[in-house]
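Enquirer: Mind looking over this structure? Questions follow.
The numbers here are math on the coordinates, done by the rules we state, and not lab data. These numbers were taken from a predicted model, which means no experiment stands behind them. Cβ placement follows ideal geometry from the backbone for every residue including glycine, while neighbour counts extend to all protein chains displayed.
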There are 4 protein chains.
Amino acid sequence: MSVRVGLLGATGAVGQRFVQLLHDHPTFEIAAVTASPESAGESYRDAAKWRVDTPIPESVAGMTVIETSAEAIPDDLDLLFSSLPSGVAAEVEPELCRAGHVVSSNSSNERMAEDVPLTIPEVNADHLDLIETQRAERGWDGALVKNPNCSTITMTPTLAALDQFGLSRVHVSTLQAVSGAGYSGVTSMEIIDNVLPYIGGEEEKMETESRKLLGSVEDGELSLHDVEVAASCNRVPSLDGHLENVFAELDENPTAAEVHEALADFAGVDLPSAPEQPIHVFEDPERPQPRLDRMRGQGMQISAGGLRETPEGIQYNCLAHNTIRGAAGASVLNGELLVEEGWV
Amino acid sequence: MSVRVGLLGATGAVGQRFVQLLHDHPTFEIAAVTASPESAGESYRDAAKWRVDTPIPESVAGMTVIETSAEAIPDDLDLLFSSLPSGVAAEVEPELCRAGHVVSSNSSNERMAEDVPLTIPEVNADHLDLIETQRAERGWDGALVKNPNCSTITMTPTLAALDQFGLSRVHVSTLQAVSGAGYSGVTSMEIIDNVLPYIGGEEEKMETESRKLLGSVEDGELSLHDVEVAASCNRVPSLDGHLENVFAELDENPTAAEVHEALADFAGVDLPSAPEQPIHVFEDPERPQPRLDRMRGQGMQISAGGLRETPEGIQYNCLAHNTIRGAAGASVLNGELLVEEGWV
Amino acid sequence: MSVRVGLLGATGAVGQRFVQLLHDHPTFEIAAVTASPESAGESYRDAAKWRVDTPIPESVAGMTVIETSAEAIPDDLDLLFSSLPSGVAAEVEPELCRAGHVVSSNSSNERMAEDVPLTIPEVNADHLDLIETQRAERGWDGALVKNPNCSTITMTPTLAALDQFGLSRVHVSTLQAVSGAGYSGVTSMEIIDNVLPYIGGEEEKMETESRKLLGSVEDGELSLHDVEVAASCNRVPSLDGHLENVFAELDENPTAAEVHEALADFAGVDLPSAPEQPIHVFEDPERPQPRLDRMRGQGMQISAGGLRETPEGIQYNCLAHNTIRGAAGASVLNGELLVEEGWV
Amino acid sequence: MSVRVGLLGATGAVGQRFVQLLHDHPTFEIAAVTASPESAGESYRDAAKWRVDTPIPESVAGMTVIETSAEAIPDDLDLLFSSLPSGVAAEVEPELCRAGHVVSSNSSNERMAEDVPLTIPEVNADHLDLIETQRAERGWDGALVKNPNCSTITMTPTLAALDQFGLSRVHVSTLQAVSGAGYSGVTSMEIIDNVLPYIGGEEEKMETESRKLLGSVEDGELSLHDVEVAASCNRVPSLDGHLENVFAELDENPTAAEVHEALADFAGVDLPSAPEQPIHVFEDPERPQPRLDRMRGQGMQISAGGLRETPEGIQYNCLAHNTIRGAAGASVLNGELLVEEGWV
């Protein structure tokens, strides 16, 4: 079976990761690539200034870019992946869903909407139930599913693994790679020999999205988890891979060994892009490191390490590849889940 | 008045900062420079491969390096500054103090000893009273005074400013510059496009030294502050300037504006190297940044910013130049305090 | 005597360097700052997002930005410095010169025009004679003087010093800092763990501007030097300071020692911003290095090193601070020359 | 057929690349790993602090490291690869060759010896004929074959491709990655926001090794090519991939298009690790770039670009992965050639 997919916003940094991940995917077949009106009509090769460190897939390079608009996008696509700027996404995605398209989106709009599943398959696959609510409330034939922000994805599976110990409060500091801001988001003058202690809106995203992901959906209704999250977000001079220092307060008092086991045993899902083991745990306190460990599991495995007991719980570090597990790969995984669960 | 000072370990990274800071100091005059036996007899110019970005001071360049040993160091020096490796310091410093020398040391040995003042003049100048205890217990004519670790110095003045609100718990993540590990401490292969999530012993230093600094000395006896500190320390690809994300829990509930005022009003000391205002507070959440702000106050002013209220207190960022305010400048300031208070 | 100067394009990266260099200049007084229409009316503090690593000068911070247009710029300014984008400069500078203004410009337009002096005071101060030609041909009351491109400035004084040995051919490779492309010119994704082997138009600038600078002006007429220059230009991950590898073919066969002497003895000029010795020559082949040596002579001294004899001449490295000696400082020095020679 | 190979110096930076390249090689099977006496007896996993960004191969991780000495190395290995420090190599390699081993070595000792083949298979496979001379003169049963220095390998195949136009003189500037100096060769303090304009001995290596590679072997005797090479070598803040700016003087006057064709058509060899096309030529002057292009052809393809005609010939850029094509991969390719030609 082949699922014909369209990539909305296919020429940007995350769009190129989609192309890289999907061009030889076992199920998905790239059938359309869209971009802003200026690029429409060009070949993908010309429209996308290809900057990924593997060669541009020839099968996609020759495709003609179509405009990102509900009219221009063909009806016969089975699934759409979106990495549109959130302003554009906020306009186009609802139109497409109304027209019957199923959209797995990395864009930040509507992530916190009560009837939009915000999903990491290993964490809350059952939130897809919200699609029924969504269809009922919005009168859509299609569906809109979101994945969280890259910094949220890095941390949340580890928090899900710790929830068995009674997760009550989290302090987290991030050391985020520049690719998270897009190709031109961080200038070299800003970041060489420097650190930026602020990423607009990022702290709020981590604080709210994590509570939705860890929350529950019952009878089509969402309840947030009551964990309190305080985040401090920083940009550092690395290319890919967000590292995060987590201090988790737990009601119970697990040992570091018990936490290690809980993280390492966190259950995976049986989807093509999913790593067998979602979280790899290092004994060596010097790991994980962004450059050495971001590509574990083809960039889809999360790493953890540096476990230390604190009076209130545990502190540890976690790492994920921000444009694969944290963006394009996250949407692809959600797309695979949508297929698996029969929504596509 | 001129105070004749000797620099122990004058050729290393911190030693060179000492030379840079002291060569035109209003009170101190560099009268001796020491290094390991292999360099003894060489000119300072030859022994130190000068790597600071201002030219080597000619007055020091021609001095002959003497060996770091109690025998070789002349008796007629008024004050010694030490940036020796802690193993060497642990041997040599006590001998020198026994021989009557007053030593202001940046080395990590004995920082937590109960009769050794660990001092930041703006925070706990009164801890110098421990010198009496030290002399009584150790039978020394001289004295040993320490400054804390660079990552501790960056944070502690801000905590001291917040203590009026009832400081009970601190979570802190650091983004530390490579110079903190010495000239050869971090290789380029380790840190380009990367972050190191672990600095051996650093977390423990921050967790214990801060409690001593914030503690009290009464009748020659030290009590630690009962704040609980949990630290997570990271090395990032910046040259100088440690940035720290602090989450402070406070018994009272000050507003961000009240915290801003408390930080900005934190009282300075009247010493030659001390900045008039110890802590500069930025309104702009994007500041402080290491490269732009580390040299405020000739590298001696601490910066803070990014204040956000949390349910339990306040979160904010702070920054200091790690080899000036956090190392050589810290020892110099302690030396100035020792002179001011009549110990030299 | 105080010369009242206006800064055209005062909020950009080079504009900020102008402010840094001029705010306590012995002769020049900043009397006006201009920017694009969107910023007009704002305070300089608000219009310029200050990114230099010294604090914004308070005397300039409060000035009101005026629009960069011939109408808006007051007549009573004695001298204008321009770091406008070359497209804007090409429109505005001629209007200003026609209106009687003397403009010392860093913008690239008209650098190769036969009646526009392209000047480095230590190299070809006498080219200012072209102003007479310029006025005669263009009917201007004012004057337009240019300084060369940053990569050209770094190399040309060393070539001028070698011309006594019969300079016939030059191969040069550059390792240029990111600040040369302006604040947003090079993204972090482009340059971290990377090198860019191409800078649009830069090679041609080095190849032509150097021949004009080394050329002669007689009876108001310009002759280019007949040296053949081939350049290869690269962007590297450094912030400031262009390093260049030069292979110079010489008719005579000087020894490395003779070349060293020729470089070190190259004559300076007596202007406020000029370093006493224009070129510092290192014996240590590991120097000059951008980070360690770019600030020699307040960023106005050129460094050379690594001299090696080749069968055809000499190879060596040279370095200059690209936004000081290579841009803002170059214009300021030309402004000082214009005052000294009575054109202002 | 399986060839049992030993890796001499298997724990260093290049040694780890050997393991990465060889652990699933079609012909070679890693049968022994050696290191300095301190590591002998440890597992490879413990002895090598694995720093490559793919996981350590399990088949090698469990092997016991043996000491690098003629006595300890088993006789029954078919082929040895060496990345020993040159001092150690100079002692051990001759002993091993005398004992009958065939050694393909990346170490710099003896590269210029008249009876030691210095080989890049695509350039001068016929130089293996020198083995007969070597055996005759040295009385060895084994053989010693060297590959050139990483910076020489990057450039020389392109020069070989241009030799048809009468190559007479070369000026080359290098922008070399830090991995070329080994894991600890360049400290972070040296290279962040900086460039090092000197690499000890590197310029001489490029100037002499290239002439040997391009030279001829007739009747067991070596003649150097008479091209004159002048090199200027720089270290830049990139991890892997040497970029080089080449100015080649040619007797004939080929167009850029003819040079492009000569480079792209340069003939490959039929060996397992050899790329089908040895040199990829980019039209886009912004390529090749180290980070984007170093892994072309599994790190074994050389890239070229930026062709511009000069009065005397051509200028262009070339790039190769310095620890794959320029070191471990170079030795492996020579090993494959030795097998192919029947020396193993």
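Enquirer: Which residue, C:M63, C:M189, C:M112, tops the fluctuation ranking in a GNM of chain C built on C-alpha contacts under 10 Å?
Expert: C:M189
Enquirer: Per Stokes-Einstein, at 20 °C and 1.002 mPa s, what whole-number D in µm² s⁻¹ belongs to the stretch A:179-330, with the Kirkwood radius over Cα pairs as the hydrodynamic radius? Working shown, then result.
Expert: Working: Rh = 17.0 Å.
For these conditions, the coefficient is 126 µm²/s.
Enquirer: If each of C:D53 and A:A267 carries a label point 7 Å out from its Cα toward its Cβ, how far apart are those two points in nm?
Expert: Going by the 7 Å Cα→Cβ label model, 5.3 nm.
Enquirer: Can you work out the FRET efficiency for the pair C:D219 and C:E309, with r the C-beta to C-beta distance and R0 = 51 Å, to the nearest 0.05?
Expert: Working: r = 39 Å, r/R0 = 0.77.
FRET efficiency, C:D219 to C:E309: 0.85.
Enquirer: Provide the percentage of antiparallel DSSP beta bridges, counting only those with both residues in chain A; round to the nearest 5. Display every interim value, and only then the final one.
Expert: Numbers: 27 of 57 bridges.
Of the beta bridges lying entirely in chain A, close to 45 percent run antiparallel.
Enquirer: When you look at the Cβ of every residue in B:29-39, what mean number of other chain Cβ atoms sits within 10 Å? Don't skip to the answer; put the middle values down first.
Expert: Working: counts 0, 0, 0, 0, 0, 0, 0, 0, 0, 0, 0.
Taking all residues of B:29-39 together, the mean is 0.
Enquirer: Also, I was wondering about something else. Whole angstrom only: what separates the Cα centroid of the stretch D:271-344 from the Cα centroid of the stretch C:3-78?
Expert: If you average the Cα positions of each part, the centres end up 50 Å apart.
Enquirer: Then there's this: What pairs in A:K205/B:K205; C:K146/C:K212; D:K146/D:K205; D:K146/D:K212 have C-alpha atoms more than 22 Å from each other? Present the calculation step by step, with values, prior to reporting the outcome.
Expert: Details: A:K205/B:K205 32 Å; C:K146/C:K212 12 Å; D:K146/D:K205 13 Å; D:K146/D:K212 12 Å.
The answer is A:K205/B:K205.
Enquirer: Which distance in nm do the two modelled labels at A:A256 and A:R4 give, with both placed 7 Å along the Cα-to-Cβ direction?
Expert: Output for this residue pair reads 5.6 nm.
Enquirer: Same structure, new question: Taking N as the number of residues in the stretch A:120-218, what is its Cα Rg relative to 2.2 N^0.38 Å? Each step should come with its number before you reach the end.
Expert: Details: Rg = 16.8 Å, N = 99, 2.2 N^0.38 = 12.6 Å.
In units of the 2.2 N^0.38 Å rule of thumb, it is 1.34.
Enquirer: Among A:T156, D:T208, B:T54, which comes first, second and so on when ranked by fewest other beta-carbon atoms within 10 Å? Mind dumping the intermediate values first?
Expert: Numbers: A:T156 27, D:T208 18, B:T54 11.
The order, fewest Cβ neighbours first, is B:T54, D:T208, A:T156.
Enquirer: List the distances, in nm and shortest first, from the label point of B:N253 to the matching label points in every other copy, placing each point 7 Å from Cα along the Cα-to-Cβ direction.
Expert: 3.0, 8.6, 8.8
Enquirer: What are the distances, in nm and sorted shortest first, from the label point of D:G182 to the label points of the same position in each other copy, with each label point placed 7 Å from Cα along the Cα-to-Cβ direction?
Expert: Spelled out, the distances from D:G182's label point are 1.8, 4.6, 4.6 nm.
Enquirer: Please list, short to long, the whole-number percent of alpha-carbon pairs of the protein assembly as shown in consecutive 20 angstrom bins beginning at zero.
Expert: Pair shares across the bins are 10, 33, 39, 17, 1.
Enquirer: Also, quick follow-up: Based only on other Cβ atoms within 10 Å, what is the fewest-to-most ordering of B:D226, D:D115? Could you put the intermediate results ahead of the total?
Expert: Values: B:D226 11, D:D115 18.
Taking fewest neighbouring Cβ atoms as first place, the list is B:D226, D:D115.
Enquirer: From the phi of every residue in the stretch A:234-248, what ³J(HN,Hα) in whole Hz does the Karplus formula 6.51 cos²θ - 1.76 cosθ + 1.60 yield, where θ is phi - 60° and glycine or proline is x?
Expert: Calculated HN-Hα couplings, in order: 10, 9, 10, x, 10, 7, 9, x, 9, 9, 9, 9, 10, 10, 10 Hz.
Enquirer: Let me ask something else. Rounded to whole Å, give me the distance from the Cα center of the stretch B:207-264 to that of the stretch C:89-119.
Expert: Using only Cα atoms to place each centre, the spacing works out to 56 Å.
Enquirer: Could I ask something else about it? On the Cα set of chain A, report Rg and Dmax in Å, please.
Expert: Just the Cα atoms of chain A yield Rg and Dmax of 19.4, 61 Å.
Enquirer: For chain D, set up a GNM with springs between Cα atoms under 10 Å and report which of D:D284, D:D141, D:D240 has the largest fluctuation.
Expert: Its mean-square fluctuation being the largest, the pick is D:D284.
Enquirer: From the phi angles alone, apply the Karplus equation (6.51, -1.76, 1.60; θ = phi - 60°) to the stretch B:60-75 and give each ³J(HN,Hα) in whole Hz, x where the residue is Gly or Pro.
Expert: Values, residue by residue: 9, 3, x, 5, 8, 6, 10, 6, 7, 8, 4, 6, 6, 7, x, 6 Hz.
Enquirer: Here is a follow-up. Considering amide H positions built from the backbone, and no H for Pro or chain starts, which residues 5 or more places from B:L167, or on another chain, come under 5 Å of its amide H?
Expert: Those lying under 5 Å, H to H, from B:L167 are B:D251.
Enquirer: If you count the DSSP beta bridges with both ends in the protein assembly as shown, what percent of them are antiparallel, to the nearest 5? Could you put the intermediate results ahead of the total?
Expert: Values: 110 of 230 bridges.
Looking only at bridges with both residues in the protein assembly as shown, the antiparallel portion is about 50 percent.
Enquirer: Which residue, B:I192, B:I131, B:I302, tops the fluctuation ranking in a GNM of chain B built on C-alpha contacts under 10 Å?
Expert: Looking only at B:I192, B:I131, B:I302, the biggest GNM fluctuation is shown by B:I192.
Enquirer: State the antiparallel share, in %, of DSSP beta bridges confined to the stretch B:150-321, rounding to the nearest 5.
Expert: Numbers: 26 of 37 bridges.
Restricted to the stretch B:150-321, the bridges split so that about 70 percent are antiparallel.
Enquirer: In percent, how large is the relative contact order of the stretch A:150-321, given Cα pairs closer than 8 Å and 6 or more residues apart?
Expert: Working: 369 pairs, mean separation 47.1, N = 172.
Once divided by the residue count of the stretch A:150-321, the mean separation gives 27 percent.
Enquirer: On to the next question. Select the chain D residue whose beta carbon lies nearest to the rotation axis carrying chain D onto chain A, and write the distance in whole Å.
Expert: Nearest Cβ to that rotation axis, in whole Å: D:D193, 2.
Enquirer: To the nearest 20 debye, what is the magnitude of the charge dipole of the protein assembly as shown about its Cα centre, counting +1 on the Cβ of each Lys and Arg and -1 on the Cβ of each Asp and Glu? The partial results should precede the final answer.
Expert: Numbers: 84 positive and 224 negative charges, 0 e Å.
The calculation lands at about 0 debye.
Enquirer: Additional query: Just to confirm my numbers, what's the Cα centroid distance between the stretch A:122-161 and the stretch B:183-206 in Å?
Expert: When both Cα centres are located, 37 Å separates them.
Enquirer: While we're here: How much net charge surrounds B:T154 when only other residues with a Cβ under 9 Å from its Cβ are counted (Lys, Arg +1; Asp, Glu -1)? Please list the in-between numbers first.
Expert: Details: positive: B:R325; negative: B:E244.
Local charge sum for B:T154: 0.
Enquirer: Taking amide H positions as placed 1.01 Å from N in the peptide plane, with prolines and chain starts having none, which residues 5 or more places from C:R235, or on another chain, fall under 5 Å of its amide H?
Expert: The answer is C:Q176, C:L196, C:Y198.
Enquirer: Using the Cα centre of chain A as the reference point, and only Cβ charges (+1 on K/R, -1 on D/E), how large is the resulting charge dipole? Debye, rounded to the nearest 20. Show your work: numbers first, answer last.
Expert: Details: 21 positive and 56 negative charges, 248 e Å.
Rounded to the nearest 20 debye, it is 1200 debye.
Enquirer: Run through the other copies and list how far each one's label point is from that of D:R45, in nm with one decimal, shortest first; the point sits 7 Å from Cα along Cα-Cβ.
Expert: 4.7, 5.5, 6.1
Enquirer: Could you go through the stretch D:293-310 in sequence order and give the Karplus-derived ³J(HN,Hα) for each residue, using 6.51 cos²θ - 1.76 cosθ + 1.60 with θ = phi - 60°, rounded to whole Hz, and x for Gly and Pro?
Expert: Taking θ as phi minus 60°, the curve returns 10, 5, 8, 4, x, 6, x, 10, 8, 8, 10, 9, x, x, 5, 9, 6, 10 Hz for the stretch D:293-310.
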